[in-house]
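Read-outs: derived from the displayed coordinates by stated rules, not from any lab. What you are looking at is a predicted structure, and each value in this text was computed from that prediction instead of being measured. For neighbour counting, all protein chains shown are included, and Cβ atoms are generated from backbone atoms with ideal geometry for every residue, glycine included.
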Amino acid sequence: MAVAPPRPKYLPLTALRAFEAAARLGGFAAASQELGVTPGAITAHIKSLELELGATLFERTPRGVRLNALGAKVLPGFVEAFDHLGNAVQTLRGEAAPSVVHIAALPSLAQLWLSPRLPSLRAAAPDISISITAMEVPPNLKRAPYDLSLFYDENGKDSLSRDVIFPVCSPAMAASLRTPSDLSQVSCLSDANWIDDWATWASAANASFTPRGPVFSLYTLAVEETVNGAGVLMGHQALVASHLARGELVEPFKIRAETTRSLRLWSQRPSKARSAASRVMRWLQDNR
């Protein structure tokens, strides 16, 4: 009677995923953020994987961890494998729910650019359900469950428009502003993510002044404060267009500047021409 040899144990997928993320991102903390678990969980997964293998994958140093020779050798294969797995999962999601489109967007773009367009988009495509998740950093669309990504980006590819900036304020405050030098006498509002935009615009305007005023972590809040007369804000054309159209904000100087950024809408995976994601992308491109 033949005796079957014992089957080797499969390495746990969660541990392999933890290794791949930590190795690709260069640390356990970054991996924990991407995977939505604690750094301790990443440490435990990798330790269990190393025990199962009987070999280490990282060198532990006082400054953190770094891949050893074995880890570096096998990493490319795991990156490719999890990219393929992520793509397969997204294909499965798309086939299972073909009329649902998930969009990841910068919070300010979600509220000030995308949200005003949703009623018309829903009217144009009533069969499509759109889900929006606001986040500060673009997700890895090879892995994350999103069909489209809408962010400002230094890459000009898939650009909807260049990022054009200019000061905006309430009509009442504009009455007291004659030249850019007058900005030194008022509160200049800034966004924490775009703190250098005042200097970029001042250079384009040949203006010499030091902007002083509060810094906001939420651009939408800065816009509302500007509408309420709290100061002058460096406006981004795509984000303040509706407020300008309604007359809630005005341009006191009519001087504009371009940044190195672009408003970018993209998808990681090729979609069928008539898929819900492709239809939503085309509509947003046509109604930019």
Review point. What residues qualify as long-range amide H neighbours of LEU67, i.e. H under 5 Å apart, gap of 5 or more or another chain, H built at 1.01 Å from N?
Key: GLU59
Exercise for review: In whole Hz, with x marking every Gly and Pro, tabulate ³J(HN,Hα) for segment 274-284 from phi via Karplus 6.51 cos²θ - 1.76 cosθ + 1.60, θ = phi - 60°.
Suggested key: 9, 5, 4, 5, 5, 5, 5, 4, 4, 5, 5
Study note, to complete from the structure: Which residues qualify? For LEU189, with a placed amide H closer than 5 Å and at least 5 residues away or on another chain, they are VAL232, LEU233, MET234
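For VAL232, VAL250, what's the fewest-to-most ordering of other Cβ within 10 Å of each Cβ?
Working: VAL232 25, VAL250 18.
Sorted ascending by nearby Cβ count, the order is VAL250, VAL232.
Sort ARG279, ARG24 so the one with the fewest other Cβ atoms within 10 Å of its own Cβ comes first.
By the 10 Å Cβ count, ascending: ARG24, ARG279.
Take the alpha carbon atoms of segment 7-113, find their radius of gyration, then divide it by 2.2 N^0.38 Å using N residues; give the quotient. Numbers along the way, then the final one.
Working: Rg = 17.0 Å, N = 107, 2.2 N^0.38 = 13.0 Å.
Relative to the 2.2 N^0.38 Å estimate, segment 7-113 comes out at 1.31.
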**Study point:** Cα centroid separation - segment 51-73 against segment 1-42, whole Å
**Key:** 13 Å
Exercise for review: Quick one: dipole size for the chain, taken about the Cα centre, charges +1 on Lys/Arg Cβ and -1 on Asp/Glu Cβ, in debye to the nearest 20.
Suggested key: 740 debye
Review point. On the first, second and third principal axes, largest extent first, how far apart are the outermost C-alpha atoms of segment 51-192 in Å?
Key: 73, 51, 25
Review point. Taking 1 over the mean of 1/r across every pair of different Cα atoms in the chain, what Kirkwood radius in Å do you get?
Key: 22.3 Å
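In which sequence would LEU118, LEU141 go, from the one with the fewest C-beta neighbours within 10 Å to the one with the most?
Details: LEU118 12, LEU141 19.
Ranked by crowding around the Cβ, least crowded first: LEU118, LEU141.
Which value, in debye to the nearest 20, describes the size of the charge dipole of segment 13-93 about its Cα centre when Lys and Arg Cβ atoms bear +1, Asp and Glu Cβ atoms bear -1, and nothing else is charged?
Numbers: 8 positive and 7 negative charges, 36 e Å.
With only Lys, Arg, Asp and Glu charged at Cβ, the dipole is about 180 debye.
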